[in-house]
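Just so it is clear, none of the values below were taken in a lab; they were calculated from the coordinates. This structure is a prediction, so every number in the text was calculated from the model and none was measured. Because the Cβ atoms are built from the backbone with ideal geometry, glycine has one as well, and the counts that use them run over all protein chains shown.
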């Protein structure tokens, strides 16, 4: 529809039909302004007055860890995880970060990387259970679920992204491939971690 404005009458009309088109004032509309905007309406149309839309507030999201069911289910159904191994995984995976590190609150309240000695506290074990803890760590490492990473004088724990991951699926694929390549470079044909201790300078 083509519209023409007549200054003398202050009216708009349809050029083709000559019909007078009423001018409606509909208040504040959503066109990046707070000022009322005039809107031309054909005779058979009406408008609904709308309020200004409130700015959208994005709700704060709670951090989460992805647990990949198929891989974990196979281990559980196949009886490949002991009670202590399940307990240790459940105790550490909630602390997994986007950087793939496992971080717990330090004494000053700030996060710090999990050390091997921290596992006793998380598990509620005394340090007299050192042999049991060592067996659990060795077993999970042998199965390729966790890896021991050398960070200076400390040995830290990381989780295999095939089982637990924080981030996008694209990042998971990249990290998983890099991990497989690293293991093959260590001569581990099974693509699990064996008893290798990976230097942190070469991690993802």
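What distance in nm separates the simple spin-label points at residue 120 and residue 9, each placed 7 Å from Cα in the Cβ direction?
In this crude label model, residue 120 to residue 9 measures out at 9.5 nm.
In percent, how large is the relative contact order of segment 66-202, given Cα pairs closer than 8 Å and 6 or more residues apart?
Answer for segment 66-202 is 26 percent.
So for each of 77-87, 112-122 I average, over its residues, the number of other beta carbons within 10 Å; can you give me the resulting order with the highest mean first?
Per-residue mean Cβ counts within 10 Å order the peptides as 112-122, 77-87.
Where does each of 95-103, 68-76 land if you order them by average Cβ count within 10 Å, highest first?
95-103, 68-76
Between residue 20 and residue 86, what is 0.36 nm times their sequence separation minus the Cα-Cα distance? Round to one decimal in nm.
Result: 15.9 nm gained on full extension.
At residue 69 and residue 178, where each label point lies 7 Å from the Cα along Cα→Cβ, what is the point-to-point distance in nanometres?
2.9
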